[in-house]
Amino acid sequence: MIPCPSCGRELKVIVSTYDVPFFGNVLLTSISCECGFKHADSVVVGEKEPVRYIIKINRENLFTKVIRSTSGTIRIPEIGVAVEPGPASQAFITNLEGVLDRVENIVRTAMRWNSEDEEKVRRCEWILERIRNTIEGDEELTLILEDPLGNSLIVSDEAFKEIMSQEEAQKLKTGMTIIDITGMSEEELEDLV
């Protein structure tokens, strides 16, 4: 029995796997309780070679598909933005304009939190202006998508793709706990389960 963190009653747990285009096998979990508590999560099963995609964002390619796994890091160097995975990181499928929209929302929140600091507010306004200029076609920004587990993707012939070295990949956050089971005995593996 798994107790509900809200009320202590038994949770209903549903686990299934699906083959999702661009991601491969994904483990889906759904947890719910009669009290109304719910939680759902998806985890890509397995890993591929560490990968980096680079694309210039402009008005013509705003609808280019971006698939970011829970282990993906997004960087926009011209405006100093880095979105790194954390323990509650979620995968998403969007487009380049959707990524800019997410960044814009984060910057607007940061601007509200720092409303008393003129320098930080000016910096936020500058970032928002650069995003607007890119959407309107007056400039370009570079989007870099890095994934040490190889499960993220930019679906475009315009995107430059490269395999990252293991040294580069090890410097990235993954947003999850990873257990390397190579070289473990059967007894050690049993203790994990």
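Obtain the nm distance between the two label points defined at THR17 and ARG108 by a simple spin-label model: each point lies 7 Å from its Cα along the Cα-to-C-beta direction.
Spacing of the two 7 Å Cα→Cβ label points: 4.1 nm.
Which whole-number percentage describes the relative contact order of the chain, with Cα contacts under 8 Å and a sequence gap of 6 or more? Write out the running numbers ahead of the final one.
Details: 330 pairs, mean separation 54.0, N = 193.
Reported as a whole number, the value is 28 percent.
Rounding to the nearest 10 and keeping the result within 0 to 90°, find how far the Cα-based axis of helix 96-113 lies from the longest principal axis of the chain.
90 degrees
Listed here are the pairs LYS48/LYS120; LYS56/LYS171; LYS120/LYS161; LYS12/LYS65; which of them are more than 30 Å apart at the Cα? Write out the running numbers ahead of the final one.
Numbers: LYS48/LYS120 39 Å; LYS56/LYS171 24 Å; LYS120/LYS161 34 Å; LYS12/LYS65 35 Å.
Over 30 Å apart, Cα to Cα: LYS48/LYS120; LYS120/LYS161; LYS12/LYS65.
Considering only protein heavy atoms and a probe of 1.4 Å, how much of the accessible area of the range 41-142 is carbon and sulfur, as a whole percent? Mind dumping the intermediate values first?
Numbers: 2710 of 5670 Å².
On the range 41-142, the fraction of accessible area on carbon and sulfur atoms equals 48 percent.
Compute the acute angle (0 to 90°) between the alpha-carbon long axis of helix 118-136 and the principal axis of greatest extent of the alpha-carbon atoms of the chain; round to the nearest 10°.
90 degrees
Calculate, axis by axis, the spread of Cα positions in the range 1-62 along the three principal axes, and write the results as whole Å, longest axis first.
Largest to smallest, the principal-axis extents are 51, 28, 17 Å.
Per-residue counts of other Cβ atoms within 10 Å, averaged by peptide: what ranking do you get for 15-21, 51-57, highest first?
Details: 15-21: 10.4, 51-57: 19.7.
Averaged packing, sorted descending, gives the order 51-57, 15-21.
So what J values fall out for the range 56-72 if you push phi through Karplus, 6.51 cos²θ - 1.76 cosθ + 1.60 with θ = phi - 60°, rounded to Hz, Gly and Pro as x?
7, 8, 9, 4, 6, 10, 4, 9, 5, 6, 10, 10, 10, 7, 5, 9, x
When N is the residue count of the chain, what does its C-alpha Rg come to as a fraction of 2.2 N^0.38 Å? Don't skip to the answer; put the middle values down first.
Working: Rg = 19.9 Å, N = 193, 2.2 N^0.38 = 16.3 Å.
Compared with the compact-globule rule of thumb, the chain sits at 1.22.
Taking the Cα centre of the range 89-161 as the origin and placing charges on Cβ (Lys, Arg +1; Asp, Glu -1), which of SER115, TRP126, SER156 is farthest toward the positive end of the dipole?
Ranked along the dipole, the leading option is SER115.
If I take R0 = 30 Å and measure r between the Cβ atoms of ARG132 and LYS161 in this structure, what FRET efficiency does the formula 1/(1 + (r/R0)^6) give, to the nearest 0.05?
On the way: r = 28 Å, r/R0 = 0.95.
So, using R0 = 30 Å, E works out to roughly 0.60.
Just to confirm my understanding: which cysteines in the chain have no other cysteine beta carbon less than 4.7 Å from their beta carbon?
CYS124, each lacking another Cys Cβ under 4.7 Å.
The values are calculated or read from the model by the stated rules, or taken from the named source; none is laboratory data. Values in this document were obtained by computation on a predicted structure and should not be read as measured data. Note: ideal-geometry Cβ built from the backbone for every residue, glycine included; neighbour counts use all protein chains shown. With ligands, DNA and RNA removed, areas are computed over all heavy atoms of the protein, side chains included. Shrake-Rupley method; radii C 1.70, N 1.55, O 1.52, S 1.80 Å.
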